[in-house]
Amino acid sequence: MKRRFIDTWFWISLIVETEPFHKKATEFLFRYGYEGDEFYTCGSILAETTSGILFSKRLIKAPERKLIPKYTFEFLEKFSTMVASGQVRVLSADQTLIGQSLGLLKQHFRTIPDLSYFDCESVIHCKQIGIPEILTGDGHFEYLGIPIDGDWEEFKKQES
């Protein structure tokens, strides 16, 4: 059994059918969930994912833009179901964790491209509960000491 943290990139891959790793993300979650792995995320990732689906022109391009309400609803449904079933645990940030996340962001935002508060909060959560890797496609987590999940990297290379 392994603990795994789900980042926005993975959630969007899981929900948006036109994403290159949609099928792989679905298969990965099913396989490793069945094997008993524990999945975690945080409230900030919920906010970032919902905003990413609703407002990002970079993540969902035309002509798929008309599907944004569908994808948003699917994400909220899937997320709610996974939380209610215990398949995903949602971590919360207290004042101390928020302060640590802001400190990490202030320390690195000029040197790590595309670094966000959400990324920093995710890193702090992972370090606090002992999750050594993250389910993402965003390489900048490695600069903060949390590499991309090695099982996910290997799984992406396998033929379906």
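Counting only DSSP H runs of at least 4 residues, each contributing -39500 (n - 2.57), and dividing by the residue count of the chain, the helix-based mean residue ellipticity at 222 nm comes to -17000 deg cm²/dmol. Please return the longest stretch of the chain lacking exposed loop sites, where trypsin sites (Lys or Arg not before Pro) count only if DSSP places them in a loop and at most 14 other Cβ atoms lie within 10 Å. For trypsin sites (Lys or Arg not before Pro) (loop position, at most 14 other Cβ atoms within 10 Å), the longest site-free span of the chain is 3-56. Inter-part distance, region 1-61 to region 113-160, computed on C-alpha centroids, equals 12 Å. Using θ = phi - 60° in the Karplus curve 6.51 cos²θ - 1.76 cosθ + 1.60, the 3J(HN,Hα) couplings for region 82-98 round to 5, 5, 4, 7, x, 5, 10, 9, 9, 8, 10, 9, 9, 4, 5, 5, 4 Hz; x is entered for Gly and Pro. Taking other C-beta atoms within 10 Å as the exposure proxy, V16, V83 rank V83, V16 from fewest upward. Phi angles of region 126-141 translate, via the Karplus equation with coefficients 6.51, -1.76, 1.60 and θ = phi - 60°, into HN-Hα couplings of 4, 5, 5, 10, x, 9, x, 9, 9, 7, 7, x, 8, x, 5, 5 Hz per residue; Gly and Pro are given as x. Summary: within the chain, the longest segment free of GluC sites (Glu not before Pro) located in DSSP loops with at most 14 other C-beta atoms within 10 Å is 36-158. Using a simple spin-label model with pseudo-atoms 7 Å out from Cα toward Cβ, V83 and T26 lie 2.3 nm apart. For the chain, a crude dipole built from +1 on the beta carbon of Lys and Arg and -1 on the beta carbon of Asp and Glu, taken about the Cα centre, is about 440 debye to the nearest 20.
Taking each residue as 0.36 nm, the span from K106 to E142 lengthens on full extension beyond its C-alpha to C-alpha distance by 11.3 nm.
Treating only the Cβ of Lys, Arg, Asp and Glu as charged (+1, +1, -1, -1), what charge dipole size does region 118-160 show about its Cα centre? Round to the nearest 20 debye. With only Lys, Arg, Asp and Glu charged at Cβ, the dipole is about 100 debye.
Read-outs throughout are calculated quantities, based only on the coordinates presented, and are distinct from any laboratory measurement. Just so it is clear, the structure is predicted and the values come from calculations on it, not from any experiment. Glycine gets a Cβ as well: all are built from the backbone with ideal geometry, and neighbour counts include every protein chain shown.
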